[in-house]
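*Asks:* Quick one: the structure is below, and I'll ask about it shortly.
The values are calculated or read from the model by the stated rules, or taken from the named source; none is laboratory data. Because the structure is predicted, anything quoted here is derived from the model rather than measured. Every residue, glycine among them, receives a Cβ derived from its backbone with ideal geometry; neighbour counts consider all protein chains shown. SASA here: full protein model, heavy atoms, side chains in, ligands and nucleic acids out. Shrake-Rupley method; radii C 1.70, N 1.55, O 1.52, S 1.80 Å.
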Amino acid sequence: MGMKSIRTKLTLLLFFIALIPLLLVIVFYLVSNISSSIANAKSDGLLRNSIVNEHITEHFERNLAVLRTIARNPMTLHYIQADADKREPLMEQTLKRTNDVFNDSDNMIITDKFGDQLSRSDSYPLINVEHRRYFHEAMQGFEYVSDVLISLANSRLITVLEVPVFDDGNKAVGMVQRDYDLFALQKYIKALASPNTRVMIADSVGNLVAHSDITLEDKQLIGVSSNPAVAAALAGKTGSIDVVVQSVGGTKKERMLVCYSRNEISGWVIITERSYRYIWQEVVIDALKAVVLGGIMLFVLALVSAFIAEKATRKIRAISSLVDRAAKGSEDSLSFSELEDDELGQMAMAINKIRSSRDSYRKDAEVDKLTGLLNKATFERTCRGTIAENKMGVFSTLIVIDLDHFKEVNDTLGHQAGDAVLHDFGEVLRKLFRPTDLVGRFGGDEFVVLLNDIPGREIAIQKAKRIVEAACATKTGSDSVRISASVGMASTPQHGMDYDTLFSVADKAVYAVKESGRNGLCHGTEEVVRL
C-alpha cells in the first residue's frame, strides 16, 4: 500500500510540475491571440482597401489614357469646331468603336465649349452640361474625375472622367468624357466583401459611391459624411480607427474596426468595416481549440507522468518484492539477480544514446534590411522566372532607378541621413506599385521595378513619371541638398524577351538621362523626357 502511495504521489508531482507551465502557455496564447486577431483584422482590411484602390486606379488610368488619345486627335478638334452640317460621321463611328473596346455599359461623349453634347456612343439624347463642375474644370484646361452624379440622360448613378480638347492656341474648346456606371464597381466590392466584413466607397464630399451591403438605387444620392468611419477616412489618407456605428438596416449600434485609404486620382475613400463581434467570435473559436488541445495534452501528460513514476519506482518495488518474499521464507529471497540491471542507469545511458547533433542552416535573406524591398539576388531570380514564364502578348516593363545627388546627402548630412532617404524612398516605391509588381534595391542608390502584365507603355511611362516626382518630393533633412531620379525603362517584347537584355537597355537609358542633365526618364532608346 505504501509503494502505491509513493508512486501515486510521484505521478501527481510530475503531473503538476508539467501542468503549471502548460497552463501558463495556454493563457499566454489566449491573451496574445486577441492582439493577433485584431492585427489580422487590420491587415485584412487594409489589404482589401488596397485591392479596391488598385482596381479603381487601373480603371481610371486606362480610361483617361484613351480619352487623352482621342482629345489629342486633330480629327476631334475639327469635329468640335465644324458646323453641325459639316461634321464628319467618321468621328462618331470612331467614338463608338473605341468605346466598344472596353466591353462595358459605359459611354463616351464629345462636348463643345458651350456645354452642348455633340455626340454620344449610346442612344440617349444629347443634353447640355454647362452647369456641371466637370465641364468647368475642362474649360479651365484640367483633366477631372467627378464625384458621384445622377446622369441627366438616363438617371443612372455615374462618375465622369473628362479630358479637355485644346485648339491650336492651347485654349480649351471642348472635352471628351466617359461616363462610368457605378453598378460595375458596386458588383466588384460585393464580390470582394465577406459575411463578417463590409466594404464601402465614398466620394470626396461624402456621397456613397458603392456599398457591399446596400443596393444603391438610381436617382438617389446617399450622403454618409456623418458616419464616423467616413468622417475619419475623409480626414486622413490611410489608417485604422475604432468607431461605434449604426448597424445596416437596424437600430443596434456596434463597435467597428475601420480601415480606410484614399484613392489619389479621384479623391474617393475606401472603407473596410469589421464588427468586433466577429473578431471576438474568432477569438472564442481559437480559445475552444486551445482548450481542446490543452485537454488532450493534459491526458497525454497524465499518462507520461504515470509512466515515468512507474519507471522511477521500479527498483524500489523490486527490492520491496524481494524483501517481502524473504519475510515469508522464500528460498530465492536472498538472490538479488533481479537487480543486476539498474533502471535509472539504463535511462541515463538511453538519454545519452539518443543524443544527436543537428546542423542549423540560415536561409539567405530575401529582403534588403534597410528598405524592406527585395535584395538584388532575390529580385534577379524572381524577375528572370517571371519574364521567362510570360506568354506571348504579355507587356512587361523593367524600370531602373538611380537617385541623383545621393552622394551629396551622404557627404553633407552623413550616412544616417542617407539611410533615411533610402528607407523613405523605398516606402514610396512599395506604395506606388501593385502587390503583383516586383520592387527591389540593388544596393547604394539604385532601385529596380518590374511592371508585369500591364496594358501598355503609357501606364509604364506614367508610373515612371510618378517615381521621378516621388524622388523630388523625398525629404533629405536639409533644404540645401535635394535629390531627384534618373529613370530608365525597357519593355517586352520591344527591347527583348529576357532579363539580361532588358536590364542592359534600361541601364543604358538611365545613363542617357544622366548625360542629358538627370531628373527625367527614358524608354529604351527613345528621347529623354526631363521633368
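*Asks:* With +1 on each Lys and Arg Cβ and -1 on each Asp and Glu Cβ, and nothing else charged, work out how big the dipole of the stretch 416-455 is about its Cα centre, in Debye to the nearest 20.
*Replies:* 140 debye
*Asks:* Near HIS495, within a Cβ-to-Cβ distance under 15 Å, what is the net charge of the other residues, with Lys and Arg +1 and Asp and Glu -1?
*Replies:* It works out to a net charge of -2.
*Asks:* Same structure again: Could you check how much of the accessible area of the stretch 371-427 is carbon and sulfur, as a whole percent, using a 1.4 Å probe?
*Replies:* That share works out to 52 percent.
*Asks:* So, R0 is 51 Å and r is the distance between the beta-carbons of GLU58 and ILE296; what FRET efficiency does that work out to, to 0.05?
*Replies:* Computed FRET efficiency for GLU58 and ILE296: 0.55.
*Asks:* Additional query: Between SER35 and THR8, what's the calculated FRET efficiency when r is the beta-carbon distance and R0 is 25 Å? Round to 0.05.
*Replies:* Working from the Cβ atoms, E equals 0.05.
*Asks:* Okay, next question. Relative contact order for the stretch 453-499 using alpha-carbon pairs under 8 Å, separation at least 6, rounded to a whole percent?
*Replies:* Result for the stretch 453-499 is 30 percent.
*Asks:* Also, quick follow-up: Extension gain ALA65-ASP453, at 0.36 nm per residue separation less the Cα-Cα distance, in nm?
*Replies:* Difference between extended and current length: 138.0 nm.
*Asks:* Where only protein heavy atoms count, and the probe is 1.4 Å, what is the accessible area per residue for the stretch 421-531 in Å²?
*Replies:* 44 Å²
*Asks:* Follow-up. Could you give P(r) for the stretch 57-114, binned at 5 Å from zero, as whole percent values over all Cα-Cα pairs?
*Replies:* Calculated P(r), rounded to whole percents: 4, 16, 28, 26, 15, 9, 3, 1.
*Asks:* Are there any trypsin sites (Lys or Arg not before Pro) in the stretch 442-508 that are in a DSSP loop and have at most 15 other Cβ atoms within 10 Å? List them by number.
*Replies:* Within the stretch 442-508, the qualifying trypsin sites (Lys or Arg not before Pro) (loop, at most 15 other Cβ atoms within 10 Å) are LYS475.
*Asks:* Read phi for every residue in the stretch 78-84 and hand back ³J(HN,Hα) as whole Hz from Karplus 6.51 cos²θ - 1.76 cosθ + 1.60, θ = phi - 60°, with x for Gly and Pro.
*Replies:* Listing the rounded values in order: 4, 4, 5, 7, 6, 5, 4 Hz.
*Asks:* With a 1.4 Å probe and all protein chains left in place, how much of the accessible area of the stretch 91-154 comes from carbon and sulfur atoms, in whole percent?
*Replies:* Of the solvent-accessible surface of the stretch 91-154, carbon and sulfur hold 48 percent.
*Asks:* Moving on to the next point. Can you tell which of ILE461, GLY426, CYS472 lies farthest toward the positive end of the dipole of the stretch 405-475, using +1 and -1 charges on the Cβ of basic and acidic side chains (Lys, Arg; Asp, Glu)?
*Replies:* ILE461
*Asks:* If you place +1 on the Cβ of every Lys and Arg, -1 on the Cβ of every Asp and Glu, and leave all else neutral, what size is the dipole of the stretch 371-489 about its Cα centre, to the nearest 20 Debye?
*Replies:* So the magnitude is around 440 debye.
*Asks:* Per residue, how much accessible area does the stretch 86-156 have with a 1.4 Å probe, in Å²?
*Replies:* Accessible area per residue, the stretch 86-156: 54 Å².
*Asks:* Tabulate in residue order the Karplus-calculated ³J(HN,Hα) for the stretch 385-402, using 6.51 cos²θ - 1.76 cosθ + 1.60 with θ = phi - 60°, rounded to whole Hz; enter x for Gly and Pro.
*Replies:* Karplus values, whole Hz, x for Gly and Pro: x, 4, 5, 5, 7, 4, 8, 4, x, 7, 9, 10, 9, 9, 10, 10, 10, 10.
*Asks:* A further question on this structure: Each residue of the stretch 220-226 in order: what ³J(HN,Hα) in whole Hz does its phi give by Karplus 6.51 cos²θ - 1.76 cosθ + 1.60, θ = phi - 60°, with x for Gly and Pro?
*Replies:* Calculated HN-Hα couplings, in order: 9, 9, 9, x, 10, 5, 7 Hz.
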